[in-house]
Amino acid sequence: MNRPYNFSAGPAAIPEEVLATAASEMLDWHGSGMSVMEMSHRGKEFISIYEEAEATIRELLAVPGQFKILFMQGGGLAENAIVPLNLSRGGRANFVVTGSWSQKSQKEAQKYCEVHIAASNASPAGHTSLPDPATWSLDAKASYTHICTNETIDGVEFQTLPDLKALGSDAPLVIDFSSHVASRPVDWSKVGLAFGGAQKNLGPAGLTMVVVREDLLGHAMAVCPSAFNYKTVADNESMFNTPPTYAIYIAGLTFQWLKRQSEAGLTGIAAMEHRNIAKARLLYEAIDGSQLYFNKVDAACRSRMNVPFFLRDERRNDAFLAGAKARGLLQLKGHKSVGGMRASIYNAMPLAGVQALVDYMREFETKQA
Ligand SMILES: *Cc1c(COP(=O)(O)O)cnc(C)c1O
């Protein structure tokens, strides 16, 4: 079967090998006589799936021992409430607004704590740059500082994490890494908590991964729902309530797939990062080298995962999308708040998929000229 290339921003493409394994194990997982969907989350079969998934992503992302990895439900949007419920103590939190997602996060947090906007990149052109951390006004009383490290809609990505300590702030850094988790390494020395919905780079929707430093557990507000209390979830190995078992299984297969990747003498996440750099370069060079397409984001903070671009003649948008679909290049329409096109090129998108897109873009431009 020749599958099309899926450029969806999320839920997004899953590696074909993962889907094939899941299909072959659908009716009978490893001789258990059960589909993973039918297993008790407390049975030895599922516990083994869970433990392997946790250990593999811990190894891949080099998560230090003093961090807990939690598999939760509710997605990134729920985390926008769960983080302040657990970390703010009803006090103040810093937010750096760099696009639609961090904007949503600070708005939701206002229900639970006092929000201080430490910096913003809002401009008439939209969210197209990153404010220099040296210029952030970090409130000394804030209990944490929230950033979105990859703005999925605007295509803005932090290429390095800010060092809050060097900026004179002891507040832990919270990162929403939903749309670039596992696409590059994470410098955990700068992070207190990271969260991400699985449906961009880790697996299916319904699973949220939270990586939290142990000393941040145990300070939840009294109103925090028990199932969303990080300490309760951590103390119960993510099984206080029934976790999203099938999504954890598919994520675990994806982690195994990630571990098998090798490229340029690198393996795992380093190999993935190498490939992601090559994919992004190929696409941005095609955009910048064309007369028809353009991207508005500052070169220094262009996302490797989500590439929004525009046609200079917007009347050609529908023809562009129809031609792409006919070529097996799916879901390229931009987010409604930004317009134009967006190619999401997560881990599961091979270089050949980006090459096919670039070839099509050149052909479409030449035909129109
Ligand atoms: C997709 C996404 C979310 C929201 O995820 P949901 O699962 O829909 O709640 C949050 N943050 C970022 C950066 C995202 O890309």
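The numbers here are math on the coordinates, done by the rules we state, and not lab data. Here the structure is a predicted model, which is why all the values come from computation and not from measurement. Note that each Cβ is placed from the backbone with ideal geometry, even for glycine, and that neighbours are counted across all protein chains shown.
For Glu38, the shell of other residues with beta-carbons less than 13 Å away shows a net charge of -3, using +1 for Lys and Arg and -1 for Asp and Glu.
Secondary-structure-derived ellipticity at 222 nm for the chain, considering helices only, amounts to -10500 deg cm²/dmol, per-run term -39500 (n - 2.57) for DSSP H runs with n ≥ 4. Beyond 19 Å, how much of the Cα-Cα pair distribution for the stretch 263-368 remains, as a whole percent? Of all Cα-Cα pairs in the stretch 263-368, 42 percent lie more than 19 Å apart. Within the same chain, aspartates and glutamates fewer than 8 places from Lys231 are excluded, and of the rest, those with a Cα less than 16 Å from its Cα are Glu79, Glu214, Asp215. Restricting attention to the stretch 263-368, close to 100% of DSSP beta bridges with both partner residues there are antiparallel. A simple packing score, the average count of other Cβ atoms within 10 Å per residue, orders the peptides 60-67, 91-98, 277-284 as 91-98, 277-284, 60-67, with the highest score first. In percent, rounded to a whole number, the relative contact order of the stretch 263-368 is 29, using alpha-carbon pairs under 8 Å and six or more apart. Each residue of the chain gets 140 Å³ once the volume of the Cα convex hull is shared out per residue. Using C-alpha pairs under 8 Å with a sequence gap of at least 6, the mean separation divided by the residue count of the stretch 17-258 gives a relative contact order of 26 percent. About the centre of its Cα atoms, the stretch 17-258 shows a dipole size close to 660 debye [charges on the beta carbon of Lys, Arg (+1) and Asp, Glu (-1) only; nearest 20 debye]. Among Asp235, Asp132, the ranking by other beta carbons within 10 Å of each residue's beta carbon, starting with the fewest, stands as Asp132, Asp235.
The overall shape of the stretch 168-252 is oblate: from the C-alpha gyration tensor, with semi-axes ordered a ≥ b ≥ c, the ratio a/c is 1.5 or greater and a/b is no larger than b/c. Both numbers refer to the Cα atoms of the stretch 1-62; Rg and Dmax are 14.5, 38 Å.
Of the peptides 198-204, 328-334, the ranking by mean beta-carbon count within 10 Å, highest at the top, reads 198-204, 328-334. Since only Gly192, Ala20, Asn121 are under comparison, the one whose Cα sits farthest along the positive direction of the charge dipole of the stretch 17-258, derived from C-beta charges on Lys, Arg, Asp and Glu, is Asn121. Each part reduced to its alpha carbon centroid, the stretch 164-208 and the stretch 308-369 end up 29 Å apart. Comparing mean-square fluctuations of Gly168, Gly323, Gly197 from a GNM of the chain with C-alpha springs under 10 Å, the top value falls on Gly168. Fewest neighbouring Cβ atoms within 10 Å first, the residues Thr366, Thr245, Thr208 line up as Thr366, Thr245, Thr208.
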